[in-house]
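What follows is a set of notes on a single structure, which appears directly below.
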Amino acid sequence: MKAKLKQGLKCAVLTLMLTSAPSAFAGTVTIITSFPKELTQAYKNAFEKANPDIKLEILNKNTVSGIAYVRETPEGQRPEVFWASAPDAFEVLGAAGLLEKAGDISNPDIPDKIGSFPINDPSGLFLGQALARTIVIEPQVLLLDEPLSNLDKKLRIQMRRELVSLQRRLGITTIFVTHDQEEAMTTADRMAVLDHGIVQQIGTPTTLFDYPVNRFVANFVGTMNTLEGRVTARETNKVSLYVDAIRELHIPVNGEVPEDDVLAASFRPHTLQIHPADTRQDPKFIWLPGIIEASEFLGEFTRYQITSGNTRITADQTHFSGRVKLKTGQAVALALPPSQIRLLPTSTTRIA
């Protein structure tokens with residue numbers, strides 16, 4: 001009986017639909033809502049006419065989310081109304097920092113603001129409202145289309161973590177649409193990367209980052225260097241690639257390699273080690289000559305743009321206090337672990 005009563009109240013709060021509550025329940029039910037009084041009064045009249053044993057008390061408040069639910073109580077006792085998004089979801093939202101408990105409505109000191117968000121940004125408030133109003137219907141699938149795009153960076157990171165926590169608590173399958181690679185990588189259990197509506201690759205964030213199927217995916221989930229070269233030899237566990245103005249590279253492989261005559265040897269900036277040009281070269285690495293062209297200090301690391309042959313390469317060097325920054329024009333030697341190279345087609349994307 002109580003579950004049906006709560007479902008009726010959900011409809012009352014969200015849509016002002018006329019919903020009959022079981023006649024076995026008698027007493028006063030209080031709903032706190034942000035709907036205009038003229039609308040809620042019409043609903044109150046219709047509800048009480050259909051349910052003569054229930055007195056509907058509606059308190060119109062200037063609230064944050066405009067959503068209330070009735071907690072289960074012993075039969076015959078006055079229910080308690082809390083701000084939340086679904087039965088027992090108050091604790092979930094509260095744990096995620098999205099809502100705060102309003103308290104028992106039998107307390108005459110009902111605050112003007114019931115339920116609050118940890119942020120003052122209007123976009124953040126709207127996001128919280130939309131989430132609460134969606135979760136209240138207990139959907140099997142939740143679609144979030146660029147939900148954080150209007151928030152500033154600090155707030156976006158905070159809300160992203162809270163969204164992940166909320167999804168884990170509720171266990172709702174969630175489709176999160178975003179153009180932000182950081183959001184995609186940090187929120188997804190599985191990612192689907194699309195280009196012009198065509199799925200390029202599906203997998204875990206780690207799989208897409210470490211084993212992209214093409215250059216579009218590689219550059220969506222991070223920065224990728226590529227050295228295009230002509231295949232000169234193929235062996236069971238090695239492919240030889242001639243790169244203009246550098247030399248022939250012998251790249252170990254342990255999986256499928258595209259059959260193209262020209263391939264892109266691809267590797268991430270953080271996999272490179274930057275050494276002085278006269279460093280004794282360890283044969284376990286592939287070595288590339290380079291000249292520092294530019295640098296960007298990004299706090300945790302410095303990102304260098306380095307010319308190697310006819311190609312511009314990006315290399316990241318972890319920053320430590322006291323580490324001397326490399327100078328523009330300085331000659332260097334780049335050490336690349338062969339295991340970090342991925343051989344990709346030179347075409348950037350799948351077209352079908």
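The values are calculated or read from the model by the stated rules, or taken from the named source; none is laboratory data. This structure is a prediction, so every number in the text was calculated from the model and none was measured. Here the Cβ positions follow ideal geometry from the backbone for every residue, glycine too, while neighbour counts run over all protein chains shown.
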Filter result for Ala333 (in contact (Cβ under 8 Å) with a residue 40 or more places away in the chain, of a type outside the set (Lys, Arg), surrounded by fewer than 16 Cβ atoms within 10 Å (Cβ to Cβ) and more than 29 Å from Gln201 (Cβ to Cβ)): no
Quick one: is Thr173 touching a helix residue (DSSP H, G or I) at 6+ places or on another chain (Cβ under 8 Å) and hydroxyl-bearing (Ser, Thr, Tyr)? no
From the set of residues in the stretch 262-283 that are under 38 Å from the mean Cα position of the chain (by Cα) and not aliphatic (A, V, I, L, M), which is farthest from Val231 (Cα to Cα)? His275
Which number in (1) surrounded by 13 or more Cβ atoms within 10 Å (Cβ to Cβ); (2) free of Cβ contacts under 8 Å to residues at least 24 places away in the same chain; (3) within 21 Å of Asn237 (Cα to Cα) marks the one condition that His319 misses? (3)
Take the residues of the stretch 301-313 that are surrounded by fewer than 18 Cβ atoms within 10 Å (Cβ to Cβ) and modelled with pLDDT of 95 or more: which is farthest from Leu336 (Cα to Cα)? Phe301
Considering only residues that are touching a helix residue (DSSP H, G or I) at 6+ places or on another chain (Cβ under 6 Å) and either among the basic types (Lys, Arg) or surrounded by fewer than 17 Cβ atoms within 10 Å (Cβ to Cβ) (or both), which ones fall in the stretch 259-300? Thr271
Can you tell which of Val239, Val217 is of a type in the set (A, V, I, L, M, F, W, C) and out of contact with any helix residue (DSSP H, G or I) (no Cβ under 8 Å at 6 or more places or on another chain)? Val239
Output the residues belonging to the stretch 281-300 that are over 20 Å from Lys325 (Cβ atoms) and in a loop (DSSP other than H, G, I, E, B). Gln281, Asp282, Pro283, Lys284, Phe285
Given the options Pro269, Pro276, Pro283, name the one that is out of contact with any strand residue (DSSP E or B) (no Cβ under 9 Å at 6 or more places or on another chain) and either more than 23 Å from Leu208 (Cβ to Cβ) or not polar (S, T, N, Q) (or both). Pro283
Suppose we filter the stretch 196-245 for residues that are in contact with a Pro (Cβ under 7 Å, 6 or more places away or on another chain), surrounded by fewer than 19 Cβ atoms within 10 Å (Cβ to Cβ) and within 22 Å of Leu272 (Cβ to Cβ); how many remain? 2
Tell me, please, whether a residue that is over 27 Å from Leu241 (Cα atoms) and either outside any loop (DSSP other than H, G, I, E, B) or hydroxyl-bearing (Ser, Thr, Tyr) (or both) can be found in the stretch 306-324. yes
Selection count where residues are under 30 Å from Ala233 (Cα atoms) and outside any loop (DSSP other than H, G, I, E, B), scope the stretch 325-352: 12
Extreme residue, surrounded by the fewest Cβ atoms within 10 Å (Cβ to Cβ), among residues of the stretch 164-195 that are in contact (Cβ under 8 Å) with a residue 60 or more places away in the chain and not polar (S, T, N, Q): Arg169
So, Thr186, is that one out of contact with any helix residue (DSSP H, G or I) (no Cβ under 6 Å at 6 or more places or on another chain), under 30 Å from Val253 (Cβ atoms), not in a strand (DSSP E or B) and not aliphatic (A, V, I, L, M) or not? no
Of everything in the stretch 188-201, what is within 15 Å of Thr178 (Cα to Cα) and over 13 Å from the mean Cα position of the chain (by Cα)? Give them in sequence order. Val193, Leu194, Asp195, His196, Gly197, Val199
